[in-house]
Amino acid sequence: MSNNVGDTRVTSKGQVTIPVGFRRILGLKAGETVRFKLVKNNQVMIEKNDWKQQLDKLHLKVAAHLKKHKIRPLTDEELDEAINTSAAEAAVDRYKRSL
């Protein structure tokens, strides 16, 4: 696919149509989001907002951090207990504020 795809019109709502060739290359489907970045000299870069890939990278960073600092991840039971304790404390705080 050529870099020179052609022009597209901006609607009164500020919307533009991404050409089908780019949508195919990026694997974009209806309802997905893209990110616009101003690069230089009024050039705009559009990239797929791939949150799953970003989440995978974050998991790897967290795992590396935990390993480096010899931190044991919480078990599911410990996480459940922390969530339940925090929820109970928040409920008590809300109740006290409502008095």
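The values are calculated or read from the model by the stated rules, or taken from the named source; none is laboratory data. Predicted model only: the values in this text are computed from it and were never measured. Here the Cβ is made from the backbone with ideal geometry for all residues, glycine too, and neighbour counts use every protein chain on show.
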(message) Being modelled with pLDDT under 90 and part of a strand (DSSP E or B) is the requirement here; does ILE46 meet it?
(response) yes
(request) Just need a number here: residues in the stretch 74-85 that are loosely packed, with under 10 Cβ neighbours inside 10 Å and of a type outside the set (S, T, N, Q). (result) 2
(request) Would you check which residues across the stretch 20-43 are exposed (fewer than 10 other Cβ atoms within 10 Å of the Cβ) and of a type in the set (A, V, I, L, M) and list them? (result) ALA30, LEU38, VAL39
(request) Output yes when any residue across the stretch 50-61 is modelled with pLDDT under 90 and among the polar types (S, T, N, Q), and no when none is. (result) yes
